[in-house]
Every structure is written in C-alpha cells, then in structure tokens.
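Colleague: Sharing a structure, written as structure tokens. Questions coming.
The values are calculated or read from the model by the stated rules, or taken from the named source; none is laboratory data. Just so we're clear, the structure is a prediction, and the values are computed from it rather than from any experiment. With ideal geometry, Cβ positions are generated from the backbone for all residues, glycine too; neighbour counts draw on all protein chains shown.
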Ligand code: NOJ
C-alpha cells in the first residue's frame, strides 16, 4: 500500500463490462448503457467496487469501439449522454466507480482530426498523425507490421504519402510527439474526469511512441511457420520506447488534478519492463495491468514462480494487480476447463493486489466456438486460423432462461456461448454450489477480511500440482491451498496450527476444522482461516 489507508482501487475489485454484450435494453441486439444501469443491482450485490467499460464513444465500429470518431460523445448504439450521466449518477449513488476506456494511440479514420489531417499535406492537423513519403522504390516507408495483419502503412493517394496504423487501416495512429495531440487527449480526459468518472484504462499504452527515425523492426528469431505472421518481427521500434515514461507521467499528472482517480495501463510486456510503468517516483500508472495469469501455462510451479517474480518486481510502494480474462483473450474456463476455472477464481480473489474480473467469468461462461460465418472480429477476419479471434470471449452475458438468456429481445450481435440454462445468473443464484455463489463467497470474504485484500503475501510452496500461499493482516492469517491437478494430495499445516475451511471450490467442506494433515481433493481450492 502506498499509504496506511488503502485507496478504493487497492482494496477494491474491478469488473470489466464489454458494453456490446452485457445487456441490451432496446432490442437492437447490442448491449447499451441503459442495459448496464438495469443491472447495477446485480453488480452491487456481487460486491464489485468499480466497473471498467470498454469504449462506448461514437465509432464506426470497425474494431467495435476501439476506433473512436468522437471521444466526447456516446455512440447512439449505446445510448445518449443523458443515459451515460444517469448511469454514472446511479452507480455513484451505490458507491460504484466507473472507469472508462481511453483509446489515445489511434482514432478512427472518420474522426474529424484525421479527416482534416488527410485533406492536405499543409493541413494544420497533418502532423497529428504519422505520415511518411514512399520509400525510394515507391514502396512502403519501412517493414512495420500491423497487429491486425498486413503492413502497418496505408497509402493515401490524394496526398501521395503513407500513414501508420498499428491496428486496422481505419485506426490511424496519433503522433504522440506532437504536444497539440497530447493536449487534446488530456482535454478529453478532463472532460470525463469533470463528469466524475473514476479514472481510465488506457488502451495499448506501450504503443504510443514510435521510432522517429522509422527504423525497420528486426526479424523475430523465435518465429517459425505456423506462428501468426504478425509476430514475424520484434516490435522494438514501434512499442515500449524509452521515452514512454515521460508521457505516462504527463497522463498521470492529469489524473492527479482530481481526487481519488485511477490510471490503469494496458501493457503486454514482460514483468521487468511492465513494472517500469509505475514510474520511477511512482508517478506513472497506478496499475500497469498484469496479464501474467492470462499468459502463463496452468501449472503450480509456473504460477508460483510468476507470482514470486511479480511480487519481487513491483516497486516499493507500488500496488500489484491481477487479471484472468478480458475481451481479447480466450475465457479462463476455455483455457483451463470448468473445474480449474473455480480454482483460478480463488487464486484471482486471494492474491495480493487489485483483481479485475471479466464479465461472465463469474458464472463460468464458456469460450464460445463460433462458425466461420459468425465471425465479427476483424482480427479473425484478417488473420484467420491462428486462434487470435476474439468473438469467442465476447458473447452475450447469460442472465436467465428467457429467449437469448435475457440479453436481448432482438437478434444478438453474437450468438450465445451456450444455451444451457444452468449457466445463467438466475440459475446460479439459486444454487449454492454454482460458480456465481463461489464468487460471491470469495468476494464477501475479501471484503470482510483486509488480510485477503490489502494483507501481506507469503508464498509457501509449489509441490507437484499444489500451490500454497498465506495472506496476513494484523492478527488475521489465511492459507490458500490450490490443487491444480486431478489427483487428491495430502497437505500438512504448520506444526500445531489449526484452521477452518472458510471457502472451498468444491462442495461440503466449508466450516470443516483442520489440524495436522489434510487432503486437497482433485481440482480443489481451499481458503483456510488459521486460528
Ligand atoms: C487493445 C484492445 O483491448 C483491443 O480490443 C483493441 O482491438 C486494440 N487495443 C486496438 O485498440
């Protein structure tokens, strides 16, 4: 903790909503702000502290909102500014913060800034984007690749130059070296902060600066046939440039003009580079998103090592965070199976640091297997066959056993992941053994016992498939024992220690008193309160 009294974003739980898929209120098959407002009761009783909403700004939706055409207006598909204000007011009245998704790396090609920039080489906004003359042979300026397939440069015939886009051609990158661009985005931040949002999750924060000299990215020596073509090069001149830290500091200073707001950065980087985004003086992002659990092989020893490495790397005074899933990666239940997804939930909600929970994971929504004709994601369309597609984790939230699981009265924009009525909020609410009930118990414990949120962390062991660690605060101590494998295993408590099972991922063990040695069943996680 940075101070004695933890901030809300330290002790709290963040819940990510993909607005297109959470709750539709007008029957057009696309979730919206009034839909989210209708479900605030659910979120409040689940016990979340903040909602991070993926973008709901005006957008042509080429990348489903990550192509913003107006940062300060709501896309009509999601509602109106009045709807947003009503959602924010109601959320705040319930003590829920709303964190917005800021997309500063690129705009839509339909944004007024880009239209103006591309209108002529002498446009005052020309330098707001990254333009380059063709190479001497008339080809692209260099070898930079788009994350979404193909080259990252698109030719603009009207002005005879190429522009750079790290993602789709319809998502031209802004020039973050231009102070006017920075000022414009900081004004956007102030617009929403003035309204009272809780802060921002900053999209692709590590992408903002690119090499001024536009040097070619080197070949990736680890690349081989069968790997996505987008990974053929190492993006050393297009991402995580050394001067990024001064930009992050500037962004943080905007957030710090307001009380109690949070700056979260989306950063897919190895741990040692990730933690630099806290800033040398802890003047960077409050929470550089830690995706280690998303990327790790699901083995006790691997997890133990990455947790220790991360704990050791977080700078003194910096606050850790953990993420199990998001709208870009296969769902946890798809990655590790339904039984281990319960163990994973216990891990997420008992580690030291702020957890971010992805909508639907709390009811064990599966990763959807969609047919080719159902593909909506531009990544899957452009780079098919590499498992990069993101539709499978973006399917509608499953509420009840009414048509479309209560998501919409119209035709849902993506099909449901499953029509199993057991995988719905309504069914799981009534079932004490459900994934939802497990989440509720874990969250309740986390809220009741500071040891589990802000307490210290002590790794104990990873033997075979078992991962053990302890959390402590004042006189309270918890032991977390997770079996990541299919075989029952014996675990020994410290000599003369006694404990009670506070939460179990399996049935019938809560309240059990434990001394000496106990059995951890297959795929079983136990949260033990030590006496
Ligand atoms: C990261 C977002 O999470 C992803 O959904 C989006 O496509 C890219 N950034 C581009 O904005």
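Colleague: Take the residues in segment 81-92 that are under 30 Å from residue 114 (Cα atoms) and without any contact (Cβ under 8 Å) to a residue 24 or more places away in the chain; name whichever of them is farthest from the ligand (Cβ to nearest atom).
Modeller: Restricting to residues being under 30 Å from residue 114 (Cα atoms) and without any contact (Cβ under 8 Å) to a residue 24 or more places away in the chain, the top hit is 82.
Colleague: Write out, first by first residue and then by second, each pair whose Cβ atoms fall under 6 Å of each other, whose residues are 6+ apart or on separate chains, and whose first residue, in segment 202-213, is under 14 Å from residue 273 (Cβ atoms) and in a helix (DSSP H, G or I) while the second is near the ligand (Cβ under 10 Å from one of its atoms) and at pLDDT 95 or above.
Modeller: 205/266; 207/105; 207/166
Colleague: Are any residues in segment 378-395 farther than 17 Å from residue 21 by Cβ and either touching a helix residue (DSSP H, G or I) at 6+ places or on another chain (Cβ under 8 Å) or away from the ligand (no atom under 14 Å from the Cβ) (or both), and if so, which ones?
Modeller: Correct list: 383, 384, 385, 386, 387, 388.
Colleague: Among the numbered criteria (1) within 16 Å of the ligand (Cβ to nearest atom); (2) over 24 Å from the mean Cα position of the chain (by Cα), which one does residue 123 miss?
Modeller: With (1) within 16 Å of the ligand (Cβ to nearest atom); (2) over 24 Å from the mean Cα position of the chain (by Cα) applied to residue 123, the lone miss is (1).
The rows are residues; the columns are (1) in contact (Cβ under 8 Å) with a residue 12 or more places away in the chain; (2) more than 29 Å from residue 388 (Cβ to Cβ).
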position: 121; (1), (2): yes, yes
position: 124; (1), (2): no, yes
position: 130; (1), (2): yes, no
position: 134; (1), (2): yes, yes
position: 137; (1), (2): no, yes
position: 145; (1), (2): yes, no
position: 151; (1), (2): no, no
position: 154; (1), (2): yes, no
position: 161; (1), (2): yes, yes
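Colleague: Among (1) at pLDDT below 95; (2) at positive phi, which single condition is residue 240 missing?
Modeller: Status for residue 240: all satisfied but (1).
Colleague: Return the residues of segment 144-162 that are part of a loop (DSSP other than H, G, I, E, B) and buried (at least 19 other Cβ atoms within 10 Å of the Cβ); say none if nothing qualifies.
Modeller: If the condition is that a residue be part of a loop (DSSP other than H, G, I, E, B) and buried (at least 19 other Cβ atoms within 10 Å of the Cβ), then 144, 146, 147, 148, 149, 152 are the ones that fit.
Colleague: Filter segment 163-182 for residues that are part of a loop (DSSP other than H, G, I, E, B) and touching a residue at least 60 places away in the same chain (Cβ under 8 Å); which is nearest to the ligand (Cβ to nearest atom)?
Modeller: The residue in question is 167.
Colleague: Another question, then. If you go through segment 515-528, how many residues are in contact (Cβ under 8 Å) with a residue 24 or more places away in the chain, outside any loop (DSSP other than H, G, I, E, B), under 24 Å from residue 449 (Cα atoms) and out of contact with any helix residue (DSSP H, G or I) (no Cβ under 7 Å at 6 or more places or on another chain)? Break it down into steps so the answer makes sense when it comes.
Modeller: Taking segment 515-528 and keeping what is in contact (Cβ under 8 Å) with a residue 24 or more places away in the chain, we get 516-528.
Going one step further and asking which of them are outside any loop (DSSP other than H, G, I, E, B), we end up with 517-520, 525-528.
The next check asks that each one be under 24 Å from residue 449 (Cα atoms); those that pass are 518, 520, 525-528.
If we keep only those that are out of contact with any helix residue (DSSP H, G or I) (no Cβ under 7 Å at 6 or more places or on another chain) as well, we get 518, 520, 526, 528.
Matching residues across segment 515-528 total 4.
Colleague: Tell me, which helices (runs of 4 or more DSSP H) wholly within segment 392-453 include 2 or more residues that are farther than 26 Å from residue 26 by Cβ and within 23 Å of the chain's Cα centre (by Cα)?
Modeller: 435-448, 450-453
Colleague: Can you find a residue in segment 405-418 that is without any contact (Cβ under 8 Å) to a residue 40 or more places away in the chain and either surrounded by 22 or more Cβ atoms within 10 Å (Cβ to Cβ) or within 16 Å of the ligand (Cβ to nearest atom) (or both)?
Modeller: Looking for residues that are without any contact (Cβ under 8 Å) to a residue 40 or more places away in the chain and either surrounded by 22 or more Cβ atoms within 10 Å (Cβ to Cβ) or within 16 Å of the ligand (Cβ to nearest atom) (or both), one finds at least one in segment 405-418, hence yes.
Colleague: Right, next: Considering only residues that are within 19 Å of residue 504 (Cβ to Cβ) and in contact with a helix residue (DSSP H, G or I) (Cβ under 6 Å, 6 or more places away or on another chain), which ones fall in segment 406-437?
Modeller: If the condition is that a residue be within 19 Å of residue 504 (Cβ to Cβ) and in contact with a helix residue (DSSP H, G or I) (Cβ under 6 Å, 6 or more places away or on another chain), then 428, 434, 435, 436 are the ones that fit.
Colleague: A further question follows. Would you pick out the residues in segment 183-193 that are touching a residue at least 12 places away in the same chain (Cβ under 8 Å) and more than 16 Å from the ligand (Cβ to nearest atom)?
Modeller: Hits for segment 183-193 are 184, 186, 189, 190, 191, 192, 193.
Colleague: Looking at segment 423-462 only, could you name the residues that are touching a strand residue (DSSP E or B) at 6+ places or on another chain (Cβ under 8 Å) and more than 25 Å from residue 95 (Cα to Cα)?
Modeller: 456, 457, 458, 459, 460, 461, 462, listed by residue number.
Colleague: Can you tell me which residue within segment 96-113, out of those that are away from the ligand (no atom under 14 Å from the Cβ) and touching a helix residue (DSSP H, G or I) at 6+ places or on another chain (Cβ under 8 Å), is farthest from residue 30 (Cα to Cα)?
Modeller: Top of the filtered list is 113.
Colleague: On to the next question. Report those helices (runs of 4 or more DSSP H) wholly inside segment 278-367 carrying at least 1 residues which are within 16 Å of the ligand (Cβ to nearest atom).
Modeller: Correct list: 292-295.
Colleague: Right, another one. In this structure, is residue 321 at pLDDT 95 or above and farther than 30 Å from residue 528 by Cβ?
Modeller: no
Colleague: Residues of segment 353-374 being over 19 Å from residue 16 (Cα atoms) and out of contact with any helix residue (DSSP H, G or I) (no Cβ under 6 Å at 6 or more places or on another chain), which ones?
Modeller: Listed by number, the residues that qualify are 369, 371, 372, 373, 374.
Colleague: Pull out all pairs, ordered by first then second residue, where Cβ-Cβ is under 7 Å, the residues are six or more apart or on different chains, the first lies in segment 500-514 and is closer than 16 Å to residue 477 by Cβ, and the second is modelled with pLDDT under 95.
Modeller: 514/493
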